Every structure is written in C-alpha cells, then in structure tokens.
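The values are calculated or read from the model by the stated rules, or taken from the named source; none is laboratory data. Computed from a predicted model, the values in this text were never measured in an experiment. Glycine gets a Cβ as well: all are built from the backbone with ideal geometry, and neighbour counts include every protein chain shown. Each accessible area value is taken on the protein alone, full model and side chains, heavy atoms only, with ligands, DNA and RNA left out. Shrake-Rupley method; radii C 1.70, N 1.55, O 1.52, S 1.80 Å.
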Amino acid sequence: MPGDEATSYLVRHAKAGSRERWTRPDRERPLTEPGRIQAAALARVLAPTTRSVVSSPYVRCVETVAPLADAVGLRVEEDDRLGEGADPSWAMGRLASAPGSVLCTHGDVMASIVTSLADARVPMTGGMQWAKGATWAFSVAGGRIAGGRYLPPPD
C-alpha cells in the first residue's frame, strides 16, 4: 500500500571490554567508554523514528540502547531471543511487523539476518558488514522487509 513504508533498525551492541580479559559471566560485560560514546550518538540518530526498543539481555546490549530509550521516553524491553547464538527468525519477524522498532543484538545474530536477507535477494546497500555499534536500517512495506541499508558505527 502506498504510504505503508517505514523503517526498523537492527543494532549491534557498541564497543565492550575484552571478552578474553573479562573474568565474570560474559552476559555481564559492559560497554567501554568508546562504547558509551557510540550509544549516546546512536540515540541522537535513531530517536526521531523510534517507537519501541528491544534488546538482548546482555549488559552491553542494554547499555547500547538505554540512552535511546531514555531519549524517547521508553523502557528497554529485554528479550532472550536477541541473545548471542539466538535463532534470527524472531528478530526478522519483529523487524518486519513492527516499523519503528530498534532491536539490539550481537554480531552473530546480525550476520545471520543480513546474510539471509541478501540470500533472499532483498536489496541490501553497504555490503556485508556488522561492526560493533553499527546499525542496519530496514525499510518495511506490507509486513515485509523490502530493503536494508548499512549505517556505520556513529562517532
């Protein structure tokens, strides 16, 4: 339907401390100072179109989108279906069915989603990338992901 197009966003968590040097459970690993700067910049970029914020429950993911949620007066909904190693099908469905959603996840989940969309011949601009703090903006029309555009990590 004309005018039925909107955008949903898939964010990879911002820069976090070293996995190898972290001695506590990986789920508790926080953002570094550069990661917090990325999270604040991300909030400025995505706030105008954000309607919901959903995150992997890992601390680094929640911390990545918390400034965005605060900026738009929402709470971060935590969902294990965005956790490391998760099946990407739920996230793909949410991106397609809820325009204005911002989902924060991990590199493996983002890579699975981007790769499967490209394999399905969905137009994707920006190459196969998923750097820490990067975002994929997906145009959504008629309940389907119609295209994707890579947004590099903000400074």
### Neighbour count of at most 13 Cβ within 10 Å plus DSSP loop: longest trypsin sites (Lys or Arg not before Pro)-free window in the chain
76-120
### the chain - share of DSSP beta bridges that are antiparallel (%, nearest 5)
55 percent
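In Å², what does the accessible area per residue of the chain work out to with a 1.4 Å probe?
Using a 1.4 Å probe on heavy atoms only, each residue of the chain averages 48 Å².
So what is the 222 nm mean residue ellipticity for the chain from helices alone, if each DSSP H run of at least 4 adds -39500 (n - 2.57) and you divide by all residues, rounding to the nearest 500 deg cm²/dmol?
About -10000 deg cm²/dmol.
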### Query
Once phi is turned into θ = phi - 60°, what whole-Hz ³J(HN,Hα) does the Karplus curve with 6.51, -1.76 and 1.60 give for every residue of region 133-149, x standing for Gly and Pro?
x, 7, 9, 9, 9, 10, 7, 10, 9, x, x, 10, 7, 9, x, x, 9
### Query
Once you put a point 7 Å from the Cα of residue 125 and another 7 Å from the Cα of residue 90, both along the Cβ direction, what distance in nm separates them?
3.2 nm
### Accessible area of region 1-147 belonging to carbon and sulfur atoms, whole % at 1.4 Å probe
51 percent
### Task
Just need the relative contact order of the chain here, percent rounded to a whole number, with Cα pairs under 8 Å and 6+ apart.
31 percent
### Task
Would you please give the residues with an amide H less than 5 Å from that of residue 53, counting only those at least 5 places away or on a separate chain, with H modeled from the backbone geometry?
77, 102
### Query
Of the labelled options (1) 14.5, 52; (2) 14.8, 48; (3) 15.5, 47, which one gives Rg and Dmax of the Cα atoms in Å as computed for this structure?
(1)
